[in-house]
Amino acid sequence: MDTYHISGGNRLEGSCRVNGAKNAVLPILAASLMGKGGSRIKNCPGLSDVYAMISILESTGCAIDFKSGIIDISPKNIQNAEISEELMSSLRSSIFLMGPMLAVCGEFTAGYPGGCAIGSRPIDMHIYALRILGAEIEETDGKIRCRSGRLTGGEIKFPAVSVGATENAMMAAALAQGTTVIKNAAREPEIAELERFLNCMGASVKGAGTGTITIEGRKDLQGCEFSVMPDRIEAGTILAAVAATGGEVLLTEAPVREMKNITKVLRKSGCHVHGEGSFIYMKAPKRLRSAGYIETNPYPGFPTDMQSQIMTLMCVSEGSGVICENIFEQRFQTAPYLKKMGADIRIDGKYAFIKGKEKLFGARLRAEDLRGGAALVIAALCAQGESYIENVCLIDRGYDKLDMMLKNLGANIQRIKEE
Ligand code: EPZ
């Protein structure tokens, strides 16, 4: 597995273009199965999760071409509705095949999805929603076996907010007979992006971004050409890296409106942040102040995918801070590594108590999940001395050449390829 070697202490400055959003392109790729005639999806990031999703779609019989950020997908001869355990377990988003495959083929058999080890990540709400739409679903000997005639619309009332289950329900309902109403729907920007894509294919989806989404099922959908929104978490991660080094940056093609909950925390930490159109300019103070109390919540709350990065900032900020992680039960995996670098962190259940230190010191580290790995990169960039971060493949899941983006801003970072 590849390793990052980082020499800390450089102040990051410059400009950086934000790539297409991982958590938008993955459900959109699954949804494109439902568009007759094929689709062209632009502004796709070169992430290992995107390549993994492409392999899954190809295993159903889709023809896919991915070059220079453009994915051309032709679902015309889907003939296999069974996905291998190996492919399914390679990422969490493999579960997005369930809705579209039931809508298009009336069957779907697969192992369980994978994804970052940040909690148990059950799929009960995905199954609940598709059963409401008429699917018969059994979970036996480690497999999910789904069958249906044409799905029929219904009322789905999620007991808790789930981004993925909301998206699976939207996709399945788009080709169901009749009307579907989804209540307690997730409100993330990527949900609205999926609505835009489905409607671009001729679906009738309304209400994404609110807690209630209404879908009028169609008999069929036509493939379309679509450009994916920028990645708010990648953008937030770059801002956090620049903030940690007391630098300044201009982000271009940033989703300014969708990042209000992130830029608010950076301002609380003492950064000057100005967002206008698709630009965000940020200048960080020489030393950050603690953002105080941060809790992660479903959108428009503070995103759990930025929690690890903010923990790193708090470790080198003036003052103390508290983080409450409300979404995932195991998302403090960076804490032991940050403590190895000299950080003062105490974990108590879903709370992390942090006392800021003047500086951290380079160490041998390891990425245990995608965003935690990015948080360790940020820590190494502002630490004194040399750091090595193993298991970079987990960071590749959600960042397209993160080392190159940071090197362009002045970071001293090398990727060491494993022999
Ligand atoms: C999506 O994961 C994102 N992934 C995650 O980003 C993100 O952290 C998460 O939403 C929350 O915003 C993609 O979009 C590909 P959930 P998802 O269903 O859909 C529980 C990243 O780093 N739950 O909203 O899996 C679940 O265990 C990744 O980019 C059930 O109990 O998240 C969690 O505690 C990490 N039953 C909570 O709900 C279910 O059926 C929220 O999960 C589904 C979820």
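Within the range 187-203, identify whether any single residue is outside any helix (DSSP H, G or I), modelled with pLDDT of 95 or more and open to solvent by 30 Å² or more (accessible area, probe 1.4 Å), and answer yes or no.
Taking the range 187-203 as the starting set, the residues that turn out to be outside any helix (DSSP H, G or I) are 187-188, 201-203.
Next, only the ones that are modelled with pLDDT of 95 or more stay: 187-188, 201-203.
Pick out the ones that are also open to solvent by 30 Å² or more (accessible area, probe 1.4 Å) and you get 187, 202.
Yes, the range 187-203 contains a residue that is outside any helix (DSSP H, G or I), modelled with pLDDT of 95 or more and open to solvent by 30 Å² or more (accessible area, probe 1.4 Å).
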field: Lone unmet requirement of (1) under 20 Å from Leu47 (Cβ atoms); (2) among the basic types (Lys, Arg); (3) within 14 Å of the ligand (Cβ to nearest atom); (4) open to solvent by 30 Å² or more (accessible area, probe 1.4 Å) for Lys350
entry: (1)
- line: Being at positive phi, out of contact with any Cys (no Cβ under 7 Å at 6 or more places or on another chain) and more than 10 Å from the ligand (Cβ to nearest atom) narrows Gly99, Gly114, Gly142 down to just Gly142
- prompt: Of all the residues that make up the range 39-73, how many are open to solvent by 30 Å² or more (accessible area, probe 1.4 Å) and either in contact (Cβ under 8 Å) with a residue 12 or more places away in the chain or among the small types (Gly, Ala, Ser) (or both)?
  reply: 12
- request: Starting from the range 161-180, take each residue that is without any contact (Cβ under 8 Å) to a residue 40 or more places away in the chain and list its partners that are within 13 Å of the ligand (Cβ to nearest atom) and open to solvent by 20 Å² or more (accessible area, probe 1.4 Å), counting only C-beta distances under 8 angstrom and pairs at least six apart or across chains.
  value: Ser162/Met125
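What residue, among those in the range 353-385 that are basic (Lys, Arg) and over 16 Å from His5 (Cβ atoms), is most open to solvent (accessible area, probe 1.4 Å)?
Taking the range 353-385 first, the residues basic (Lys, Arg) are 355, 357, 359, 364, 366, 371.
Okay, now just the ones that are also over 16 Å from His5 (Cβ atoms), so 355, 357, 359, 371.
Working: Lys355: 121, Lys357: 78, Lys359: 91, Arg371: 7 Å².
If we take residues in the range 353-385 being basic (Lys, Arg) and over 16 Å from His5 (Cβ atoms), then Lys355 is most open to solvent (accessible area, probe 1.4 Å).
Determine if the range 308-318 includes at least one residue that is open to solvent by 10 Å² or more (accessible area, probe 1.4 Å), out of contact with any helix residue (DSSP H, G or I) (no Cβ under 6 Å at 6 or more places or on another chain) and touching a residue at least 24 places away in the same chain (Cβ under 8 Å).
Narrowing the range 308-318 to residues open to solvent by 10 Å² or more (accessible area, probe 1.4 Å): 316, 318.
Checking the rest, the ones that are also out of contact with any helix residue (DSSP H, G or I) (no Cβ under 6 Å at 6 or more places or on another chain) come to 318.
When the remaining residues are screened for being touching a residue at least 24 places away in the same chain (Cβ under 8 Å), the result is 318.
The answer is yes, given that some residue of the range 308-318 is open to solvent by 10 Å² or more (accessible area, probe 1.4 Å), out of contact with any helix residue (DSSP H, G or I) (no Cβ under 6 Å at 6 or more places or on another chain) and touching a residue at least 24 places away in the same chain (Cβ under 8 Å).
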- request: Determine if the range 23-36 includes at least one residue that is among the hydroxyl-bearing types (Ser, Thr, Tyr), more than 16 Å from the ligand (Cβ to nearest atom) and either open to solvent by 10 Å² or more (accessible area, probe 1.4 Å) or closer than 14 Å to Pro100 by Cα (or both).
  value: no
- request: Filter the strands (runs of 3 or more DSSP E) completely within the range 222-285 down to those with at least 1 residues that are among the basic types (Lys, Arg) and over 23 Å from the mean Cα position of the chain (by Cα).
  value: 279-283
The range 323-339: number of residues that are in contact with a strand residue (DSSP E or B) (Cβ under 8 Å, 6 or more places away or on another chain) and surrounded by fewer than 16 Cβ atoms within 10 Å (Cβ to Cβ): 2
statement: Given the conditions (1) at pLDDT 95 or above; (2) within 11 Å of the ligand (Cβ to nearest atom); (3) open to solvent by 60 Å² or more (accessible area, probe 1.4 Å), every one holds for Ala129 apart from (3)
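The values are calculated or read from the model by the stated rules, or taken from the named source; none is laboratory data. The structure displayed is predicted, hence computed values, not measured ones. Don't worry about glycine lacking a Cβ; one is built from the backbone with ideal geometry, like all the others, and counts go over all protein chains shown. Accessible surface areas use protein heavy atoms only, side chains included; no ligands, DNA or RNA. Shrake-Rupley method; radii C 1.70, N 1.55, O 1.52, S 1.80 Å.
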